[in-house]
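What follows is one structure encoded as C-alpha cells, with my remarks underneath.
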Amino acid sequence: MKVKVCVGSNCTFLGSMSILDQIDDLREIISENSDDYSDEDLEVEAIKCLGFCKDTDEKVAPIVVIDDEPMYNATGQTVMEKIINKIRK
C-alpha cells in the first residue's frame, strides 16, 4: 500500500505532520501484531506538494493519497481507519 502525505505549507499548517507521526505509530502496531494484518508493505512518502489545493477554491487540506485515492480534509483518525481497513486480514 502506498501512502502519500502532502507536507506543503497549507497541509502542514492544518496537521499533515501529525498524520505522518500517527502513520509511523501505526506501522509499529502492525509489526507487533502481524497476525492480524496482511503482509502488504506500507510505503509512506511525504510529498512537498500534491497540488490539489491549486485546482480548487475549496478548503481541502490536509491531503493524503492512499493507493491513488485522495482523501481531502484528512484527519489522523480517517487515515488510520482507511489504512487498517485495507490491510486487516
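Here are a few things to note about the model shown:
- Single residue of segment 1-21 satisfying the filter (within 17 Å of Glu81 (Cα to Cα) and surrounded by 18 or more Cβ atoms within 10 Å (Cβ to Cβ)) that is farthest from the chain's Cα centre (by Cα): Ser16
- Scanning segment 42-88 for residues that are among the polar types (S, T, N, Q) and in contact (Cβ under 8 Å) with a residue 12 or more places away in the chain, we see that the one that is farthest from Ser9 (Cα to Cα) is Thr75.
- Selection count where residues are modelled with pLDDT of 95 or more, among the hydrophobic types (A, V, I, L, M, F, W, C) and touching an Asp or Glu at 6+ places or on another chain (Cβ under 9 Å), scope segment 1-46: 3
- Residue within segment 43-58 that is part of a loop (DSSP other than H, G, I, E, B) and of a type in the set (Lys, Arg) present: yes
The values are calculated or read from the model by the stated rules, or taken from the named source; none is laboratory data. Nothing here was measured: the structure is a model prediction, and the numbers come from that model. Every residue, glycine as well, gets a Cβ built from its backbone with ideal geometry; the counts of neighbours run over all protein chains shown.
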